[in-house]
Amino acid sequence: QVQLVESGGGLVQPGGSLRLSCAASGSIFSINPMAWFRQAPGKERELVARITGGGSTNYADSVKGRFTISRDNAKNMVYLQMNNLKPEDTAVYYCNLFSVTIRTTYWGRGTQVTVSS
(Lines give C-alpha, C1' and ligand atoms only; values in the text may rest on other atoms or scores of the structure.)
Protein backbone atom coordinates (compact mmCIF):
# COMPACT_ATOMS: atom_id res chain seq x y z
CA GLN A 1 0.00 0.00 0.00
CA VAL A 2 1.20 3.48 -0.84
CA GLN A 3 0.42 6.63 1.13
CA LEU A 4 0.99 10.15 -0.14
CA VAL A 5 0.98 13.20 2.14
CA GLU A 6 1.14 16.72 0.75
CA SER A 7 2.34 19.82 2.57
CA GLY A 8 3.35 23.39 1.84
CA GLY A 9 0.09 24.93 0.74
CA GLY A 10 -1.19 28.23 2.02
CA LEU A 11 -2.21 31.78 1.21
CA VAL A 12 0.11 33.83 -0.98
CA GLN A 13 -0.15 37.13 -2.82
CA PRO A 14 -0.09 37.28 -6.61
CA GLY A 15 3.49 37.10 -7.84
CA GLY A 16 4.57 35.13 -4.80
CA SER A 17 6.02 31.64 -4.49
CA LEU A 18 5.24 28.40 -2.71
CA ARG A 19 6.91 25.02 -2.59
CA LEU A 20 4.71 21.98 -2.24
CA SER A 21 6.09 18.70 -0.95
CA CYS A 22 4.73 15.18 -1.18
CA ALA A 23 6.02 12.39 1.04
CA ALA A 24 5.44 8.87 -0.21
CA SER A 25 5.49 5.82 2.03
CA GLY A 26 4.88 2.15 1.45
CA SER A 27 6.12 0.01 -1.41
CA ILE A 28 7.73 2.72 -3.49
CA PHE A 29 9.89 2.21 -6.54
CA SER A 30 11.84 5.00 -8.13
CA ILE A 31 10.63 3.92 -11.58
CA ASN A 32 7.10 5.09 -10.82
CA PRO A 33 6.04 8.36 -12.40
CA MET A 34 4.69 10.97 -10.01
CA ALA A 35 2.61 14.03 -10.67
CA TRP A 36 0.80 17.02 -9.26
CA PHE A 37 -2.81 17.66 -10.14
CA ARG A 38 -5.09 20.48 -9.02
CA GLN A 39 -8.78 21.07 -8.72
CA ALA A 40 -10.39 24.49 -8.46
CA PRO A 41 -13.96 24.95 -7.18
CA GLY A 42 -16.47 23.94 -9.84
CA LYS A 43 -13.78 22.61 -12.17
CA GLU A 44 -12.42 19.20 -13.04
CA ARG A 45 -9.14 17.95 -11.67
CA GLU A 46 -6.32 18.74 -14.07
CA LEU A 47 -2.72 17.70 -14.52
CA VAL A 48 -0.21 20.36 -13.49
CA ALA A 49 3.11 18.56 -13.88
CA ARG A 50 4.47 15.03 -14.16
CA ILE A 51 7.92 13.52 -13.64
CA THR A 52 9.04 10.06 -14.66
CA GLY A 53 11.35 7.83 -12.67
CA GLY A 54 14.16 8.94 -14.96
CA GLY A 55 13.46 12.60 -14.35
CA SER A 56 11.70 13.57 -17.57
CA THR A 57 9.06 16.22 -16.97
CA ASN A 58 6.02 17.69 -18.64
CA TYR A 59 3.80 20.60 -17.64
CA ALA A 60 0.41 22.06 -18.33
CA ASP A 61 0.69 25.01 -20.69
CA SER A 62 -0.75 27.30 -18.02
CA VAL A 63 2.19 26.72 -15.65
CA LYS A 64 5.14 26.34 -18.04
CA GLY A 65 7.98 28.63 -17.08
CA ARG A 66 6.54 29.24 -13.61
CA PHE A 67 6.34 25.81 -11.95
CA THR A 68 9.05 23.18 -11.56
CA ILE A 69 8.50 19.57 -10.52
CA SER A 70 11.35 17.56 -9.01
CA ARG A 71 11.84 14.36 -7.05
CA ASP A 72 14.26 12.86 -4.56
CA ASN A 73 14.04 9.09 -4.98
CA ALA A 74 16.29 8.43 -1.99
CA LYS A 75 13.79 10.24 0.24
CA ASN A 76 10.61 9.20 -1.63
CA MET A 77 9.71 12.85 -2.08
CA VAL A 78 8.33 14.89 -4.94
CA TYR A 79 8.20 18.68 -4.99
CA LEU A 80 6.45 21.43 -6.88
CA GLN A 81 8.13 24.83 -6.87
CA MET A 82 5.56 27.44 -7.86
CA ASN A 83 6.73 30.93 -8.79
CA ASN A 84 4.91 34.01 -10.04
CA LEU A 85 1.65 32.66 -8.71
CA LYS A 86 -1.60 33.96 -10.15
CA PRO A 87 -5.14 34.01 -8.72
CA GLU A 88 -6.11 31.36 -11.28
CA ASP A 89 -3.63 28.99 -9.63
CA THR A 90 -5.93 28.84 -6.61
CA ALA A 91 -6.94 25.21 -6.11
CA VAL A 92 -6.45 22.11 -4.03
CA TYR A 93 -3.23 20.47 -5.18
CA TYR A 94 -2.98 16.68 -5.14
CA CYS A 95 0.04 14.42 -5.29
CA ASN A 96 -0.28 11.41 -7.58
CA LEU A 97 1.74 8.24 -8.06
CA PHE A 98 1.22 5.60 -10.71
CA SER A 99 2.58 2.16 -9.92
CA VAL A 100 3.89 0.67 -13.15
CA THR A 101 4.15 -2.79 -11.57
CA ILE A 102 0.56 -3.19 -10.42
CA ARG A 103 -1.03 -0.55 -12.69
CA THR A 104 -2.61 1.35 -9.81
CA THR A 105 -2.94 5.08 -9.19
CA TYR A 106 -2.58 6.58 -5.73
CA TRP A 107 -3.66 10.01 -4.50
CA GLY A 108 -2.89 12.20 -1.54
CA ARG A 109 -5.59 14.13 0.31
CA GLY A 110 -4.52 17.45 -1.14
CA THR A 111 -3.25 20.79 0.07
CA GLN A 112 -4.99 24.12 -0.46
CA VAL A 113 -3.23 26.87 -2.37
CA THR A 114 -4.89 30.28 -2.39
CA VAL A 115 -3.48 33.18 -4.39
CA SER A 116 -5.10 36.43 -3.37
CA SER A 117 -4.25 39.98 -2.40
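The values are calculated or read from the model by the stated rules, or taken from the named source; none is laboratory data. Since this is a predicted model, take the numbers as computed values, not measurements. FYI the Cβ positions are ideal-geometry reconstructions off the backbone, even for glycines, and counts take in every protein chain you see. To get the accessible areas, we keep the full protein, side chains included, count just its heavy atoms, and leave off ligands, DNA and RNA. Shrake-Rupley method; radii C 1.70, N 1.55, O 1.52, S 1.80 Å.
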message: Just to check, using Stokes-Einstein with a Kirkwood Rh over alpha carbon pairs, what's the diffusion coefficient of the stretch 4-117 at 37 °C and 0.692 mPa s in µm²/s?
response: 234 µm²/s
message: Please report the carbon-and-sulfur percent of the accessible area for the stretch 1-68; probe 1.4 Å, protein heavy atoms only, DNA, RNA and ligands left out.
response: 48 percent
field: Per-peptide average of other Cβ atoms within 10 Å, ordering 10-16, 62-68 highest first
entry: 62-68, 10-16
query: Charges only on Cβ, +1 for Lys and Arg, -1 for Asp and Glu: so what's the dipole of the stretch 10-117 about the Cα centre, in debye to the nearest 20?
result: 120 debye
field: Extension gain, residue 46 back to residue 114 (0.36 nm per residue minus Cα-Cα distance, nm)
entry: 22.8 nm
- prompt: Which residues' amide hydrogens lie under 5 Å from the amide hydrogen of residue 16, considering only partners 5 or more residues apart or on another chain, with H built in the peptide plane?
  reply: 85
